[in-house]
Amino acid sequence: MNKQIKTQIKDKFPEILTDEHLNKYCTFMIGGPADLFYKAKTTEKLIEIINFAKQHQIPLFIMAGGSNLLFDD
């Protein structure tokens, strides 16, 4: 992901985390860092970030409880 897009998304969503380790969010407790990680607090915020990701062609993965997921280290 290029630096300009990362800056734009951090400006629009300051609560977004960069290089967040995913082992905290899955039941297997393994996983390396995600480029960007966002925990939506409202449905409106979720829709807003999904639209932003689509508009800027940023790959997106929506995770719920984190059960039965394996993330690459």
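Evaluate the relative contact order of the chain (contact order divided by residue number), counting alpha-carbon pairs under 8 angstrom at least 6 apart; express in whole percent.
Values: 76 pairs, mean separation 25.4, N = 73.
Result for the chain is 35 percent.
Computed 3J(HN,Hα) for the stretch 10-15, one whole-Hz value per residue from the Karplus formula 6.51 cos²θ - 1.76 cosθ + 1.60 where θ = phi - 60°, is 5, 5, 6, 10, x, 7, glycine and proline marked x. Scanning residues 5 or more positions from Ala40 or on other chains, none has an amide H under 5 Å from its amide H, with H placed 1.01 Å from N in the peptide plane. Ordered from highest to lowest accessible area with the whole protein assembly present and a 1.4 Å probe, Met1, Met63, Met29 read as Met29, Met1, Met63. Converting phi to 3J(HN,Hα) with the Karplus coefficients 6.51, -1.76 and 1.60 and the offset θ = phi - 60°, the stretch 26-35 yields 10, 5, 7, 6, 10, x, x, x, 8, 3 Hz in sequence order, with x at every glycine or proline.
Can you tell me the equivalent ellipsoid semi-axes for the chain? Use √(5λ) from the Cα gyration tensor, largest first, whole Å. Working shown, then result.
On the way: eigenvalues 94, 42, 22 Å².
So the three semi-axes of the chain are 22, 15, 10 Å.
One decimal place: the segment Phe61-Asp73 gains 2.7 nm when fully extended, by the rule 0.36 nm per residue minus the C-alpha distance. Backbone phi angles across the stretch 57-73, fed through the Karplus curve with coefficients 6.51, -1.76 and 1.60 (θ = phi - 60°), yield HN-Hα couplings of 6, 9, x, 9, 10, 9, 10, 9, x, x, 7, 6, 10, 10, 10, 5, 7 Hz in residue order; Gly and Pro are listed as x.
Distances between placed amide hydrogens fall under 5 Å for Gly31 paired with Asn23, all partners being 5 or more residues away or on another chain. About its Cα centre, the dipole of the chain is roughly 200 debye, where the only charges are +1 on Lys and Arg Cβ and -1 on Asp and Glu Cβ. Would you look at the GNM of the chain, springs on alpha carbons closer than 10 Å, and say which of Ile62, Ile30, Ile16 moves the most? Highest fluctuation of the listed residues: Ile62.
Backbone amide hydrogens, once placed in the peptide plane, bring His56 within less than 5 Å of nothing, excluding anything fewer than 5 places away on its chain.
In terms of accessible area, using a 1.4 Å probe and ignoring ligands and nucleic acids, Lys54, Lys41, Lys6 rank largest first as Lys41, Lys54, Lys6.
Per DSSP helix of 4 or more residues, -39500 (n - 2.57); summed, then divided by the residues of the chain. What does that give at 222 nm, rounded to the nearest 500? If you can, show how the numbers build up before the last one.
Details: 2 runs with 23 residues, N = 73.
After summing the helix terms and dividing by residue count, I get -9500 deg cm²/dmol.
The values are calculated or read from the model by the stated rules, or taken from the named source; none is laboratory data. As the structure is a prediction and not an experimental result, all values here were calculated from the model. Because the Cβ atoms are built from the backbone with ideal geometry, glycine has one as well, and the counts that use them run over all protein chains shown. Remember, those area values only see protein heavy atoms, side chains included, never the ligands or the DNA or RNA. Shrake-Rupley method; radii C 1.70, N 1.55, O 1.52, S 1.80 Å.
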